[in-house]
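Take a look at the structure set out below.
We did not get these values from a lab; they are worked out from the coordinates using the rules stated. As the structure is a computational prediction, the values presented were derived from the model and not from experiment. Reconstructed Cβ throughout: ideal geometry from the backbone, glycine too, with neighbour counts over all protein chains shown.
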Amino acid sequence: MPLKMFGKSQTLRNVIGIAAGKGGVGKSSLTVNLAYALQKLGYSVGILDADLYGPSIRRMLQEDSLPKQKEGRIVPAFSKGIPYISMSFFRSADKASCVRAPIANGLIGQFVRDVDWGSLDFLLIDFPPGTGDIQITLSQMANLTGALVITTPQKVAIDDVRKCIEMFDQVKIPLIGLVENMSYFQSKEGSEKNYLFGKDGGKELALERGIPLLGTIPIDPKIGQYLDAGESIFSSKEPVQGVFLEIGAALVSNLKEIKKSLRIVSLQLQDPFHFQIQWSDGLIHQYRFSDLQSKCPCAACIENPQVIENSVSAREVRNVGHYGIKIDFSSGCSHGIYGLDFLRELAK
Ligand SMILES: [Zn+2]
């Protein structure tokens with residue numbers, strides 16, 4: 001059986017999760033406007049709408065073509081050059097609230113694995129709101145390069161987004177930054193800013209957690225008008241588009257910093273008994289499956305060490321978040337997670 005290298009990461013250069021602790025803070029509209037901004041900055045961008053419960057991104061993007069099946073893979077829908085896929089293509093809207101965690105995880109896994117995204121600089125994933133199993137599994141399955149969190153200035157929203165930040169810390173997904181939405185209202189350019197929901201909530205949280213504040217988005221009816229019409233704010237001369245360009249540029253520059261840290265660039269099967277890891281600092285090392293299985297860190301293998309044959313192969317090797325890999329051995333265990341530090345140590 002061939003090895004499935006999860007995520008086809010060689011074609012998705014950056015996979016960014018866009019998350020919020022709660023719904024109604026403008027996560028989907030940020031996802032779409034950020035995609036337009038990155039496109040404007042010259043990058044290729046796709047969108048995976050994984051928010052199974054909220055209003056759909058599909059309403060904000062008017063599709064030029066619908067998704068199709070092709071040779072067992074899903075060709076995404078396209079809107080203004082942006083490939084995107086949404087759960088709303090595959091179920092009726094009224095069933096949304098019935099999607100339970102295992103089903104949701106299966107569907108999301110399929111979207112990440114089976115959608116033919118082609119070659120993209122950025123895949124933006126609109127996360128379902130919350131910090132439960134679905135969000136944790138999604139972070140790991142999608143092999144996120146980093147996450148961006150969005151909040152509104154109110155204390156209740158800040159408390160929820162704090163949980164969201166903690167969740168990403170727990171699964172070791174780097175936080176690229178925080179965006180504050182509905183920050184202020186300004187009747188016209190240059191006039192006084194009214195902080196209707198409180199001032200600097202996002203700024204204070206960013207300081208507290210040591211993550212950059214990428215931008216503050218004003219309350220501007222134009223933002224909603226363009227999205228509701230399925231049009232890009234960049235097709236206009238609305239001044240508010242500058243806010244999204246700033247957020248896009250800040251995202252790109254913070255990602256460069258994050259990428260300087262050590263990580264796995266590619267996983268490749270060499271032959272049935274070996275695979276190779278290429279590290280971000282250029283080091284390439286070959287690992288033998290039997291060697292790794294004999295060092296399986298899971299509780300069962302540690303308590304009952306088995307005799308491992310040299311001919312051990314694997315059904316699947318995949319990234320687990322940013323902290324390691326998981327191997328489904330052809331015979332025996334598939335539970336152990338091999339951390340990056342451990343793998344790096346073996347490569348010495
Ligand atoms: Zn084990």
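Just going by the charge dipole of the chain, with Lys and Arg at +1 and Asp and Glu at -1 on Cβ, which of GLY190, GLY332, LEU34 is farthest out on the positive end? Ranked along the dipole, the leading option is GLY332.
Note on ASP271 and HIS335: the extension gain reaches 20.8 nm, defined as 0.36 nm multiplied by sequence separation minus the Cα-Cα distance. Helix 101-114 and the longest principal axis of the Cα set of the chain meet at an angle near 80°. Binning all Cα-Cα separations of the range 100-251 at 5 Å, short to long from zero, yields these whole-percent fractions: 2, 8, 15, 17, 19, 16, 13, 6, 2, 1, 0.
Placing +1 on the Cβ of every Lys and Arg and -1 on the Cβ of every Asp and Glu, with nothing else charged, gives the chain a dipole about its Cα centre of roughly 260 debye. Take the Cβ atoms of GLU189 and VAL156, set R0 to 30 Å, and the FRET efficiency comes out at 0.50. Check cross-link reach from LYS40 to the aspartates and glutamates: straight Cα distance under 18 Å, and skip same-chain residues fewer than eight apart. Leaving aside aspartates and glutamates fewer than 8 places away in the same chain, those within reach of LYS40 are ASP121, GLU231, GLU238, GLU246. Each distinct pair of alpha carbons in the range 250-290 adds a 1/r term; the inverse of their mean, the Kirkwood radius, is 11.6 Å. Only the Cβ atoms of Lys and Arg (+1) and of Asp and Glu (-1) were treated as charged; on that basis the dipole of the range 254-348 about its Cα centre amounts to roughly 380 debye. Note on the chain: Cα Rg divided by 2.2 N^0.38 Å, N the number of residues, gives 1.05.
If the reach is capped at under 17 angstrom between alpha carbons, list the lysines near LYS295, excluding any in the same chain fewer than eight residues apart. Straight-line reach from LYS295, under 17 Å: LYS326, LYS348. Could you work out how far helix 27-40 tilts from the main Cα principal axis of the chain, as a 0 to 90 degree angle to the nearest 10? With rounding to tens, the tilt is 90 degrees. Only helices enter the 222 nm calculation for the chain: every DSSP H run of n ≥ 4 contributes -39,500 (n - 2.57), and dividing by all residues gives -9000 deg cm²/dmol, rounded to 500. Of all DSSP beta bridges confined to the chain, the antiparallel ones make up roughly 50%. Within straight-line reach of LYS260, meaning a Cα separation under 18 Å, sit the following lysines at least 8 residues removed in sequence or on another chain: LYS172.
The alpha carbons of the range 36-77 occupy a box of 33, 27, 17 Å along the principal axes, longest dimension given first. Taking a sphere under 15 Å around the Cβ of SER235 and counting the other residues whose Cβ falls inside, with K and R at +1 and D and E at -1, yields a net charge of 0.
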